[in-house]
Amino acid sequence: MTDFALHRAALVGGAVLLTASGALTPALAQESGPQTERALERITITGDPDRIREVPGSAQVLDRSVLDRHSYSDPHRILRAVPGVNVAEEEGFGQFPHISMRGTPPERNSRVTIMEDGVPVAPAPYSAPAAYYFPPMSRMDRVEVLKGSSSIRHGPYTTGGAINMLSTPIPGQLSGKADVLFGSNNGRRVHANLGGTVGQWGWLVEGLQEGSDGFKQLDNPARGPNQPDPNTGFDRRNLLTKLRWNSDPSAELYQEVELKFANDERSIQDTYLGLTAQDFSNNPFRRYRGSQFDEINTSNDLYQLRHYIQFNQNVDMSTSIYRTETVRNWYKLHEVDGNGDGSFQGITPILDDPDANDDALSWIKGDPNNPDARGAVRANNREYYGQGIDLRLGYLYDAIGWNHELDVGLRFHQDEEDRFQWQDLYSMQNGYMVLESREEFGETTNRLTRARAVATYLQNTARRGPWAVTAGLRLEDINIRREDWSGPSRSGGNRTQNDSNDYRVLIPGVGATYAIDQSWSVLAGVHKGFAPGGASPDDEEEQSINYEAGFRFQGAATQAEVIGFYNDYSNINIECTAVGGGCGSADIGDTVAAGEVEIYGVEALLLHDLGAARGWRYNVPVRVGYTLTQSRFKQDIGSTAPNQWANARKGDSIPEIPEHQVNVGVGVGQSAWQVNLNANYVSGAQAKADPALSRQKIESRLLLDLSAEYRVHTNARLFAAVENLTDETYVAHFRPAGARPGKSRELWAGVKLDF
């Protein structure tokens with residue numbers, strides 16, 4: 001990004017801040033809670049939960065009590081309770097989430113803004129939005145999901161929405177918790193934290209260790225030197241620390257400073273290899289011998305320094321300085337030469353058409369017809385960083401007879417993806433892979449992609465009587481640059497590509513709510529959807545106009561909302577990734593424009609406590625969510641598109657997005673005990689758009705999860721759970737190569753301590 005662009009964005013942000021601080025008449029002092037509560041609200045995206053009914057769009061909060069019911073660690077299982085959120089499974093544990101909102105492409109969450117404590121945590125949200133990393137859900141205290149016109153505050157991806165996870169807050173007094181759970185397949189989860197506040201200082205230390213040996217069976221499970229590990233699960237270790245200082249609450253200028261550090265380490269024995277339809281029918285949990293060395297290792301560090309200052313009861317400001325550093329290497333089978341003549345074929349086309357690739361499939365299964373056949377295992381070695389400064393100003397004022405709340409933000413952001421990849425060549429001998437040769441590190445892919453962005457937004461909510469009107473404007477000024485080199489050297493003479501692209505866009509949005517009475521309200525909104533394209537000068541930005549309208553009801557024991565949405569894309573993009581199973585004429589990492597698409601549907605949510613409504617001595621909470629999503633390509637998509645959308649025809653639905661989703665949670669309990677049942681139904685969907693692959697269908701399924709807990713002591717609860725109670729077997733997906741199963745039945749039991 002040019003110095004002029006940076007200077008211009010800074011001037012715009014400065015002018016907005018100056019206007020907010022001096023040009024309007026301050027409101028009269030208003031009643032508010034403790035300053036720490038207002039500071040906490042600045043790192044949220046939905047605001048105070050009591051004010052969600054004024055949000056002119058879909059906004060849901062899953063708090064600690066909801067997250068504790070089943071103690072899920074899989075973000076898919078957590079987020080499927082939120083209407084309008086679509087998930088695409090991959091390996092069964094949710095280590096690699098594919099999350100979509102309102103029909104956006106689910107490719108590695110690449111069209112959803114993912115945040116922790118109000119700042120972006122994707123490894124490189126601008127230069128590599130589909131990168132592997134998602135914060136561990138087990139240590140989150142609250143999950144917020146925001147869709148609609150209000151989500152333009154949290155770009156750059158404004159079509160679908162934003163997900164914000166709030167980490168464990170520093171407690172007001174010395175306290176802590178420990179969950180120790182053990183499950184099927186050597187499942188284990190130990191989560192503990194301890195913290196407190198003494199005077200003006202607060203602190204927190206939190207640790208999480210979880211893992212499983214996996215539910216799939218490798219064809220060659222023998223142990224010993226130079227033999228593959230039969231483990232098909234994962235191990236994860238996470239450490240978080242916080243330190244906070246705050247001024248005296250009676251000080252003229254109340255301030256808080258909080259330093260946060262989190263480290264996440266993962267080792268996941270997973271593969272891109274699925275199964276043929278026949279092999280899936282015989283044993284859906286089989287893993288071929290060609291995947292015996294497949295494994296990904298990741299490391300992520302998160303640093304965040306946040307400062308909050310409350311100038312008076314009407315003006316406050318929050319500043320966050322953040323940096324993420326991510327290192328990963330997924331070592332996995334990439335392609336096979338089944339004839340030994342040097343003609344390699346990718347694993348996706350092999351599994352898409354196994355009859356035409358029987359020699360390559362034979363090698364994958366460990367019994368090559370040709371002893372000269374070879375398999376290439378690629379080391380997808382990459383490093384990322386993302387860093388920035390995020391400033392937010394809040395200002396309460398009165399003007400023209402309305403009460404106003406002005407929210408102004410300015411973010412300077414940089415991120416980078418560094419690909420330095422190589423391949424190893426293996427033969428198959430007696431069912432075991434034997435290393436034949438290794439490329440020089442960086443020989444296969446040597447690429448650097450960088451992004452710089454300046455984003456500023458202004459959002460004003462005006463309230464008067466039953467009305468709340470929210471209008472916002474976001475400015476994104478983005479530069480993305482990509483450099484490629486042939487071979488491992490990055491000398492100027494080896495550079496094969498040097499592309500750069502700029503995206504400068506204004507993103508407006510407006511929405512309103514009207515309270516009919518104390519229980520009923522209606523809402524409507526319209527906003528522009530945007531996502532940047534890639535680094536090539538020919539790449540196009542994603543654009544849409546998004547509409548929504550609906551109503552909310554809030555009673556003593558009941559909450560409900562129904563929202564209809566319509567997203568009209570003038571251009572929708574899909575990113576080419578290896579997990580997508582192929583890229584047509586594009587390269588891995590490229591963004592491909594697919595043209596006009598329309599997506600529309602309905603989101604409905606009902607929360608009701610039957611026990612409270614009937615005056616029973618125990619609670620019976622009921623949560624019902626329903627999502628209808630329909631879509632249509634407005635033109636044919638050629639074979640040059642990435643594998644999922646290749647050869648789509650005009651009128652076809654977007655693949656991977658189910659038409660119907662229903663999630664029902666029912667519980668019963670008192671203070672000493674509770675039992676919860678969750679039922680999730682998802683209708684079937686095409687895995688890929690190509691008519692020739694119509695047999696590749698993500699199957700409909702009904703999954704039941706049951707959990708229970710009993711308090712045996714003031715500070716101790718026994719917990720037990722069954723995930724996939726009926727042991728439903730289903731094809732979860734065909735990405736990236738072949739049929740992949742959903743997770744089989746899994747039992748959990750343990751103890752939860754609070755002290």
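I want to confirm something. Restricting to segment 323-345 and keeping residues that are surrounded by fewer than 23 Cβ atoms within 10 Å (Cβ to Cβ) and of a type in the set (Gly, Ala, Ser), which single residue is farthest from the chain's Cα centre (by Cα)?
Looking at the filtered set, the residue picked out is Gly340.
I'm told Met317 meets every condition in (1) assigned to a strand (DSSP E or B); (2) surrounded by fewer than 16 Cβ atoms within 10 Å (Cβ to Cβ) except one. Can you identify the failing condition by its number?
Of everything listed in (1) assigned to a strand (DSSP E or B); (2) surrounded by fewer than 16 Cβ atoms within 10 Å (Cβ to Cβ), Met317 misses just condition (2).
Just the residues that are more than 30 Å from Asp213 (Cα to Cα) and assigned to a loop (DSSP other than H, G, I, E, B), please, taken from segment 289-314.
Phe311, Asn312, Gln313, Asn314
Where in segment 159-255 are there strands (runs of 3 or more DSSP E), lying wholly inside it, with at least 2 residues that are of a type in the set (Asp, Glu) and farther than 30 Å from Met428 by Cβ?
201-212
Looking only at residues that are assigned to a helix (DSSP H, G or I) and among the small types (Gly, Ala, Ser) in segment 326-376, which one is farthest from Gln429 (Cα to Cα)?
Ala356
Of the residues in segment 631-641, how many are touching a strand residue (DSSP E or B) at 6+ places or on another chain (Cβ under 8 Å) and either surrounded by 15 or more Cβ atoms within 10 Å (Cβ to Cβ) or in a loop (DSSP other than H, G, I, E, B) (or both)?
Within segment 631-641, residues that are touching a strand residue (DSSP E or B) at 6+ places or on another chain (Cβ under 8 Å) and either surrounded by 15 or more Cβ atoms within 10 Å (Cβ to Cβ) or in a loop (DSSP other than H, G, I, E, B) (or both) number 5.
When both residues are 6+ apart or on different chains and their Cβ atoms are under 7 Å apart, which pairs have a first residue that lies in segment 615-632 and is touching a residue at least 24 places away in the same chain (Cβ under 8 Å) and of a type in the set (Phe, Trp, Tyr), and a second that is outside any strand (DSSP E or B) and surrounded by fewer than 18 Cβ atoms within 10 Å (Cβ to Cβ)?
Filtered contacts from segment 615-632: Tyr618/Gln670.
Just to verify a result, which residue in segment 35-70, among those that are buried (at least 19 other Cβ atoms within 10 Å of the Cβ), assigned to a loop (DSSP other than H, G, I, E, B) and not hydrophobic (A, V, I, L, M, F, W, C), is farthest from the chain's Cα centre (by Cα)?
Within segment 35-70, the match that is farthest from the chain's Cα centre (by Cα) is Pro56.
What tally of residues in segment 416-444 results from selecting those that are in a loop (DSSP other than H, G, I, E, B), touching a strand residue (DSSP E or B) at 6+ places or on another chain (Cβ under 7 Å) and touching a residue at least 40 places away in the same chain (Cβ under 8 Å)?
Total meeting the criteria: 5.
From the list Arg490, Arg447, exactly one residue is within 30 Å of Asp294 (Cβ to Cβ), among the basic types (Lys, Arg), part of a strand (DSSP E or B) and in contact (Cβ under 8 Å) with a residue 24 or more places away in the chain. Which is it?
Just one listed residue meets the conditions, Arg447.
For segment 407-447, which positions are farther than 30 Å from Gly534 by Cβ and surrounded by fewer than 21 Cβ atoms within 10 Å (Cβ to Cβ)?
Correct list: Asp407, Leu425, Ser427, Gln429, Asn430, Gly431, Tyr432, Val434, Leu435, Glu436, Ser437, Arg438.
Filter segment 627-661 down to the residues that are within 23 Å of Pro349 (Cα to Cα) and aliphatic (A, V, I, L, M) and list them by number.
Ile637, Ala641, Ala646, Ala648, Ile654, Ile657
Taking the stated definitions as given, is Arg323 of a type in the set (Lys, Arg), closer than 23 Å to Asp270 by Cβ and part of a strand (DSSP E or B)?
No.
Asn567: closer than 30 Å to Thr445 by Cβ, under 21 Å from the mean Cα position of the chain (by Cα), modelled with pLDDT of 80 or more and of a type outside the set (Val, Ile, Thr), yes or no?
No: the conditions fail for Asn567.
Hey, can you tell me all the residues within segment 642-671 that are acidic (Asp, Glu) and buried (at least 24 other Cβ atoms within 10 Å of the Cβ)?
Once the filter is applied, which keeps residues that are acidic (Asp, Glu) and buried (at least 24 other Cβ atoms within 10 Å of the Cβ), segment 642-671 yields only Glu656.
Looking only at segment 120-147, which residues are within 19 Å of Gln387 (Cβ to Cβ), buried (at least 24 other Cβ atoms within 10 Å of the Cβ) and either of a type in the set (Lys, Arg) or touching an Asp or Glu at 6+ places or on another chain (Cβ under 6 Å) (or both)?
Ala124, Tyr126, Ser127, Ala128 - these are the residues of segment 120-147 that are within 19 Å of Gln387 (Cβ to Cβ), buried (at least 24 other Cβ atoms within 10 Å of the Cβ) and either of a type in the set (Lys, Arg) or touching an Asp or Glu at 6+ places or on another chain (Cβ under 6 Å) (or both).
Within segment 685-695, is even one residue touching a Ser or Thr at 6+ places or on another chain (Cβ under 9 Å) and either surrounded by fewer than 20 Cβ atoms within 10 Å (Cβ to Cβ) or assigned to a strand (DSSP E or B) (or both)?
Yes - at least one qualifying residue is present in segment 685-695.
What tally of residues in segment 701-724 results from selecting those that are out of contact with any strand residue (DSSP E or B) (no Cβ under 6 Å at 6 or more places or on another chain) and either acidic (Asp, Glu) or not in a strand (DSSP E or B) (or both)?
So the answer is 1.
Specify which of the listed residues (Gly601, Gly595) is modelled with pLDDT of 90 or more and either in contact with a Phe, Trp or Tyr (Cβ under 6 Å, 6 or more places away or on another chain) or over 27 Å from Pro349 (Cα atoms) (or both).
Of Gly601, Gly595, the one residue that is modelled with pLDDT of 90 or more and either in contact with a Phe, Trp or Tyr (Cβ under 6 Å, 6 or more places away or on another chain) or over 27 Å from Pro349 (Cα atoms) (or both) is Gly601.
Looking only at segment 405-439, count how many residues are among the polar types (S, T, N, Q) and under 22 Å from Ile478 (Cβ atoms).
Within segment 405-439, residues that are among the polar types (S, T, N, Q) and under 22 Å from Ile478 (Cβ atoms) number 1.
So which residues in segment 726-741 are modelled with pLDDT under 95 and not in a strand (DSSP E or B), if there are any at all?
Result: Phe734, Arg735, Pro736, Gly738.
The values are calculated or read from the model by the stated rules, or taken from the named source; none is laboratory data. For clarity, every value in this text was computed on a predicted model and none was experimentally measured. When we count neighbours, we look across all protein chains shown, and the Cβ atoms used for this are built from the backbone with ideal geometry, even at glycine.
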